[in-house]
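Beneath this line is the structure, given in structure tokens, with notes to follow.
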Amino acid sequence: MSTKPRRNQTVWKSPWVFVLAAAGSAVGLGNIWKFPYMAGENGGGAFVLVYLFCIFLLGIPVMITETLLGRRGRSNPVATMKVLARDAGHTEKWSWFGWVGVACGFAILSYYSVIAGWGLAYIVKLLAGDFVGVTGEGSGAIFSALTQKPLTLLGLHTLFMLMTMLVVVKGVRDGLGRAVTILMPVLFVLLVIMVGYAAFSGDIMSGLRYLFVPDFGALTGDGLMEALGHSFFTLSIGMGAILVYGSYMPSSASIGKTVLVIAGLDTLVAILSGLAIFPIVFAAGVEPASGPSLLFISLPIAFGEMPGGIYFGGLFFILVSVAALSSAISLIEPAVAWLCQTRGVSRLKSGILMGALCWVIGIGTVLSFNIWDSALLFGTFTFFDFLDFLTSSVLLPLGGILMAIFAGHVMTKASVRDELSSMSDTTFSLWYALTRWFCPLAIALIFVLGILKMLGVA
Ligand code: TRP
């Protein structure tokens with residue numbers, strides 16, 4: 001059997017920093033912006049049920065797998081896949097998979113940064129009182145006035161990318177480690193205040209009913225694929241971000257327990273975000289199924305109507321930006337780690353280079369909301385929709401299948417057991433069975449079913 005590879009000796013100061021970093025990566029626009037509107041579009045409780053199923057039976061086992069690959073390889077996704085495949089006596093072509101992951105992270109960050117830029121703009125708009133007493137039409141007009149201006153969007157996208165790069169170039173310990181230790185607790189406190197506010201001044205019963213009473217009729221094939229893809233997106237798995245964070249994890253930490261804590265926190269934040277948003281939206285009599293603009297059109301109307309709404313609104317969008325920043329860092333980290341570790345380029349240069357590249361791709365998303373809004377790919381997708389669909393509905397689930405196959409069939413059982421040594425025999429057997437058979441098959445099944453339903457065949 002191979003000896004344990006040890007390439008990268010940088011580790012987080014404590015296992016807690018891994019939890020905070022991974023939770024910081026997991027909790028982001030996916031939880032606060034995407035989850036509520038996706039639930040809104042796909043039948044509320046029905047979507048939430050499928051989503052929870054995907055998180056617990058597919059997401060958690062795959063997240064354990066991804067973390068263990070990273071900690072065993074102790075490197076970026078490309079080098080890790082190469083080394084682990086070689087150690088197991090398989091082809092080094094597995095490193096291609098690492099490349100796809102790095103590219104996927106780029107694609108996600110390129111649009112993520114544009115949306116996060118809206119969040120930055122909304123901090124100022126809310127605090128300035130732009131939404132006080134505004135009607136549905138007025139709020140829609142403020143939003144489209146923003147998205148209609150490519151240069152403003154570009155400026156905001158630039159600002160957000162600069163913030164991300166600033167943290168990334170500071171390095172793993174001082175940049176990432178310190179940033180998440182401060183950002184994550186702030187985020188939780190802000191969110192709890194928001195839910196309290198929503199429960200107090202909103203329509204909490206309607207919110208609860210909406211999120212938890214299932215309407216299976218409203219769940220389409222698209223919705224099924226979205227629930228699967230989103231469970232991967234929200235946990236940050238399937239492209240190597242968690243793999244890289246795992247490569248900085250101390251060997252003594254228990255992967256299983258850590259992953260459970262992170263997935264639990266992430267799910268809690270998604271549900272809490274729903275509970276912060278929907279009661280306010282219902283109390284204001286706004287339509288919940290308003291897509292990506294739910295957070296930016298419906299919610300501000302509600303803030304504008306409520307006493308103290310300007311401050312809570314401003315606070316809320318600060319929260320959104322904080323969450324987005326700690327996620328954005330993890331999307332670019334695999335690429336930066338690759339350039340530093342494999343090419344010997346300094347962290348500063350790698351950060352600037354990768355950030356610049358991502359910024360350029362982001363211009364496509366900036367234009368999707370104005371100049372290119374009717375230039376549709378395949379007749380349905382704007383550039384932004386296409387990137388979103390390709391990455392979260394296709395690439396992340398496929399990445400999950402490949403990682404599960406890799407740990408379950410390519411690596412030796414002894415080496416995965418060694419990495420999960422603190423797991424009990426029963427838990428290990430359960431995880432191993434899920435990874436070897438259940439995850440690849442179930443993900444493939446949902447994927448195919450989603451496509452068939454989308455094409456109207458099933
Ligand atoms: N999980 C983050 C969110 O919910 C987004 C994210 C960060 C991500 N890193 C990732 C998604 C890696 C997929 C892969 O907003």
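Would you mind telling me which numbered condition in (1) within 16 Å of the ligand (Cβ to nearest atom); (2) open to solvent by less than 30 Å² (accessible area, probe 1.4 Å); (3) of a type in the set (A, V, I, L, M); (4) within 25 Å of M38 (Cα to Cα) V281 fails?
(1)
Only one of V180, V167 is within 15 Å of the ligand (Cβ to nearest atom), touching a residue at least 24 places away in the same chain (Cβ under 8 Å), farther than 25 Å from Y37 by Cα and under 17 Å from the mean Cα position of the chain (by Cα); which?
Numbers: V167 fails: under 17 Å from the mean Cα position of the chain (by Cα).
Answer to the check: V180.
Show the residue pairs that are 6+ apart or on different chains and have beta-carbon atoms under 6 Å apart, the first residue being within the stretch 29-40 and touching a residue at least 24 places away in the same chain (Cβ under 8 Å), the second being among the aromatic types (F, W, Y) and near the ligand (Cβ under 8 Å from one of its atoms).
As it stands, the answer is G30/F233, since those pairs meet every condition given.
Only residues that are farther than 23 Å from M423 by Cα and surrounded by fewer than 22 Cβ atoms within 10 Å (Cβ to Cβ): list them for the stretch 44-71, please. Reasoning before the result, please.
Filtering the stretch 44-71 for residues farther than 23 Å from M423 by Cα gives 44-52.
Within the stretch 44-71, G45, A46, L49, L52 qualify.
Looking for whichever is of a type in the set (F, W, Y) and under 19 Å from F200 (Cα atoms) here; the options are F296, F312, F317. Which one fits? Even if it seems obvious, please write down each step before you answer.
Working: F296 fails: under 19 Å from F200 (Cα atoms); F317 fails: under 19 Å from F200 (Cα atoms).
Residue meeting the stated conditions: F312.
With the structure loaded, tell me whether V50 is away from the ligand (no atom under 16 Å from the Cβ) and in a helix (DSSP H, G or I) or whether it fails that test. Even if it seems obvious, please write down each step before you answer.
Details: away from the ligand (no atom under 16 Å from the Cβ): yes; in a helix (DSSP H, G or I): yes.
Judged against the criteria, V50 is a match.
Name, by its number, the condition in (1) open to solvent by 10 Å² or more (accessible area, probe 1.4 Å); (2) within 16 Å of the ligand (Cβ to nearest atom) that does not hold for L219.
(2)
The values are calculated or read from the model by the stated rules, or taken from the named source; none is laboratory data. All values reported here derive from a predicted model rather than from experimental measurement. Neighbour counts run over all protein chains shown; Cβ positions are idealised from the backbone, glycine included. Surface accessibility is based on the protein's heavy atoms, side chains included, excluding ligands, DNA and RNA. Shrake-Rupley method; radii C 1.70, N 1.55, O 1.52, S 1.80 Å.
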